[in-house]
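Inspection log for the structure reproduced underneath, given as structure tokens.
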């Protein structure tokens, strides 16, 4: 291990779920200084961070400081994590880039290329020129480009799960895509964020289960774009699970020609041979939410029908780690030449 | 069964948890007309009730109507259930009484007699004269007075659980009260109401457990007053359980003189001989939350220490039924001469 | 209401989850005598039923009696509910029929017609002649035949959910069946029965979610047979939800020709016009598990893709009621000419 | 950091919950070799450990090996973790000691000194002479003796929580002990172990809550002995929470003389000044289960009544970490001179 100077990270939105996870990961990262924690809300300025997250008691005395570009410069911030609403990221990422600060944006602001997909966020501005400079931060697909990126658009949690479950099949052209792809995805409640709503009230969620945003979810565009599908080829249905964290996606595809179990397994294993955070399961074992919770792994398993054409892929991850903050730190590791698994394993 | 004309109930606040439970009970009550559902919020007027509670689909087409005294008169309302904030109940209950409409108030507005207890609600008005006309609606203690009441102050959920667990012991003067009484009470989240807050967010509640309002909970005064205790004799600690509904109170007392298990059991059995909604368990079986959920029962069990002086009482009920709406309907049954268990068993 | 003599039901397996639910429903049924509760295990004989289910305390003093055909005859049993393993039902149903006792069997013993589907139960006997006398007890499809049935094979919980979500589409021949049907189904844990296993341990289930029996679940044959599909046309994937009760099935189909939302809605509404226990939701509202829990309803909703060819049906029910015991009592009501909703609404 | 030779640990019972946690901690411990995983059951021999715990996939290929003393010697085992039934620990700990292998026993075999407390385990043997050589492994009370111990009796989860909440008060003699101490303790289900039982079935636990083993729990003796109480001075009531992991104990005591909040706080802070795994909360903030889950902390907070005599202490920990496996590794760190927090923070 060569000795490098530690870099200075900053986080905006550390009091939210994904910002908090980034914070915890950075606090145990050997190559970074203690992260600068920034708040957009005046009311939160100066508050000890342990007031938001008492579980950090005794891990140092971090306070939230008011966000300002001057402060970032004064502290020599090298990388800025934006755990902010997409409208804010839309505004701040270009400004950070202009000031020479690399950005890892956890919102949906810079993930989408095509107009019809970006429409779901209702962006009014047109700084598409800048958009082209953002790299979609899925290391398993874009490792080299992430290393050089000014701005990384950290992928959506559902999107990460579905793309990783499908990429080896799509890229190897073994799917009958015209038949369509069904992603029946289920997520824990932390994916909905920390803001209390009728939908996240314990009494509404516990002992319940429901589909939502059917034919209408923002992550659909990410899956379509990253896999080069046509919109009509993907049916993506999110559901709300009565658990705090974890995503399991059950993915239904049809193979162009019959394959054996061993062939499918080899295809996945080869594709992810260099990807330490994807674990491919040998049939008949399938991933379960528990296995990847509190880790940065995406677990992938599959089952093949007796007709050897119908294939079901099960893809699991922790929506707050591989689906958000763990992946963000994984991206940072790539951007700054650290070991990919630093702070993550 | 004598044939009586059906009475007309009305409910303000039917879209909240306890209002909804009152509504469901009244819809299956053989002696009342379909309840008039009233909303205080303009936004809710005219909305089909099944929009708030789709589980009522197909059980009739009830809509929320704007509250007005004229409407109550026009529809000939006999009894008004107030599932409203205590400030609203404080204002409306006297007005209803003046208009000859009997009131069952589910808020804390009229439960407390003594100034130091009423202080926790911060009432600014002084209409204490009216307060004296409200009867504390715990049928097991005040059945005859409830039958004649103009206004029934429906008890708090925690208070019902603790008072019923203690009353036989206190009334029979077997407790060493100067030793103090500890009520360690645990409640499901529906007790906190339907309004989403940081405290009721699924991610904060699931896999969590916590004490709150220690030495400072509003229901303390009810227990003290109903059992004629001194404030310093009661230690009441509420906790938040990661369940939707149900309360279990573990109550610690010391007997003046050693008693046998059989004597304690007889004491409870005798006290509740006429109370169909209290079930006394034979040791060593103790109540569990499951047993009384979705019923109007308060289940009571106990364990006696080898020294026959230390006694633990376990009292369980469904906070939305015996702890709120079921008890409200039980009170209505008493007020209008119906069978006490009508719609409740 | 015409006055009819009450019939005498008996239940074997009342201490299991579905047997207990049948018991509770029969206890509040106006047309039947108190059910005879029978145990196969010697150890359980004579035990008060409230010892298994303390929540029944105070609802009478029922005891489990040892099963014998003599006892059934002595008590004049009219209908026998079998909440027993399928091997037992396989043996006892023919014997009951021979003795003139009508049977409602909650196991999988008599549901399947075709050899390749029955194989999953591994039946060794060959009394197929008798099998032809059993009627598949899904009232929405077979109401008249159930009324006359000697033996009703009460459907599986998953199967009920999927068949009811698909039947209007299949029977009206609007589906492109050669494209295949995907049923992604999720069930609460009570569907796995009361026997404790590694799979039902709280620590393994809470905060977890998993697929199981992929391409290999016993209920697949029921769906295929009832809808007259070919085996290769159905992909059915069960998942285990961290909830006690409830099933939600997300069903993916392709229409032969584009349809409007109104046309699809009309098709469902017409099909279930006479079926009081199916509630069809108007888009965009979709059923959620909460809405049908503790009821005998099957709730059905749908969403249509912009291309008007891809259709998603969401079908929800309580696996212990419409998915088991409620449907069993609904079948009994049809068999004995009672109102279909008696004890169920 | 001085370079020391790594020690060789072995674990019997690694497939259970606490054994698994010890395994995970040792796998990330910088001073120990990969632990030897031993199984008592023939059926488990040779099985890859990831078959029991697929979440370990990719973290190496550990297999369970059959337990034998020869194997321990051949591998040069320095410390043996026993996550075994107490009967087994009772037999094996003396044998290990005789062979010069230090033991950390997670069972209740060696925790108790007094005959009336040891009776609850029903030990038939009388090797009390050996018992005197076992040190009660609560570092906050016995750090120096643990460092030298041959055999460490790792404390019970409930006991750790209650003793740490009470020790500063008892040791400083500020309590009116004759008034009695009430520990109302609530635990997650993993405390009951991995064996599936009727009590741990998801359907019985979810949405439920119950007291158990009232006046009769095995951990009572540990609390009494460690705090030098008389049996009649402690009332300890365990309850089962519908969560996987975590304990919260609400402890009720009376002070000999009135104290201020600041005095109580100082007393706790001083007592635990050197104990990095106890976090004392400043009032009014109280610990919640979430704060210590997945950590080795015991969090302690308190609330003082207006009379400044009644004191409530809330003590929280993760029953699998500070309540079992984390504490076991903390003990190992002390025994072998490693940093106390190694692998734990």
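The numbers here are math on the coordinates, done by the rules we state, and not lab data. Keep in mind that what you see is a predicted model, and the values were worked out from it rather than measured. Please note: Cβ atoms are built from the backbone with ideal geometry, for glycine as well, and neighbour counts cover all protein chains shown.
With respect to the axis relating copies B and D by rotation, the chain B residue whose beta carbon is closest, plus that distance in Å, is B:184, 2.
Under the criterion of Cα pairs below 8 Å and six or more residues apart, the relative contact order for the stretch A:268-319 equals 33 percent.
Here the sum of -39500 (n - 2.57) over DSSP H runs of 4 or more residues, divided by the residues of the protein assembly as shown, equals -8000 deg cm²/dmol at 222 nm, to the nearest 500. If R0 equals 30 Å, the separation of the Cβ atoms of residue C:260 and residue A:212 corresponds to a calculated FRET efficiency of about 0.85. Once a ≥ b ≥ c are taken as the square roots of the eigenvalues of the Cα gyration tensor of the stretch C:92-233, is the result rounded (a/c under 1.5), prolate (a/b larger than b/c) or oblate (a/b not larger than b/c)? In terms of gyration-tensor shape, oblate. Taking the Cα atoms of the stretch A:8-123, the ratio Rg/Rh between the radius of gyration and the Kirkwood radius comes to 0.99.
Per-residue mean of foreign Cβ neighbours for C:274-287 is 2 (Cβ atoms of other chains, 10 Å radius).
Each residue, residue A:33 and residue D:116, gets one label point 7 Å from its Cα in the Cβ direction; the gap between the two is 6.3 nm.
Which residue fluctuates most in the GNM of chain A (Cα springs below 10 Å): A:192, A:134, A:159? Residue with maximal mean-square fluctuation among A:192, A:134, A:159: A:192.
Taken over the C-alpha atoms, the stretch A:158-319 has Rg and Dmax values of 15.8, 48 angstrom. Ascending distances from the residue C:270 label point to its copies in the other chains, with the point 7 Å along the Cα-to-beta-carbon line: 5.2, 7.2, 8.6 nm. Please report Rg over Rh for the protein assembly as shown, where both radii come from the alpha carbon positions and Rh follows the Kirkwood definition. My calculation of the ratio gives 0.95.
Report the far tail of the P(r) of chain D, meaning the percent of Cα-Cα pairs longer than 26 Å. Spell out each step's value before the answer.
Details: 28657 of 59340 pairs.
When all Cα pairs of chain D are counted, 48 percent exceed 26 Å.
Averaging the sequence gap over all C-alpha pairs within less than 8 Å and six or more residues apart, then dividing by the number of residues, gives chain D a relative contact order of 18 percent. Of A:233, A:327, A:116, the residue with the greatest mean-square motion in the GNM of chain A, using alpha carbon springs below 10 Å, is A:116. Largest GNM mean-square fluctuation among B:180, B:188, B:129, using chain B with Cα springs under 10 Å: B:129. For the pair the stretch A:92-108 / the stretch C:131-210, the C-alpha centres are spaced 51 Å from each other. Take every Cα pair under 8 Å whose residues are at least 6 apart in sequence, average their separation, divide by the length of the stretch C:156-279, and the relative contact order is 42 percent. Extending 7 Å from the Cα toward the beta-carbon at both residue B:87 and residue C:199 defines two label points whose distance is 5.4 nm.
For peptide A:230-242, the mean count of partner chain Cβ atoms within 10 Å of a residue's Cβ comes to 4. Peptide A:300-309 has a mean of 3 when you count, residue by residue, the C-beta atoms of other protein chains within 10 Å of its C-beta. Computed from Cα atoms, the angle from the helix D:86-98 axis to the main principal axis of chain D rounds to 60 degrees. The Cα center of the stretch A:263-324 and the Cα center of the stretch A:1-55 differ in position by 31 Å. For chain D, the longest principal axis of the Cα atoms and the long axis of helix D:326-335 meet at an angle of about 70 degrees.
Estimate the FRET efficiency between residue A:345 and residue A:270 by the formula 1/(1 + (r/R0)^6), using the beta-carbon distance for r and 22 Å for R0, to the nearest 0.05. The formula returns an efficiency of 0.50 here.
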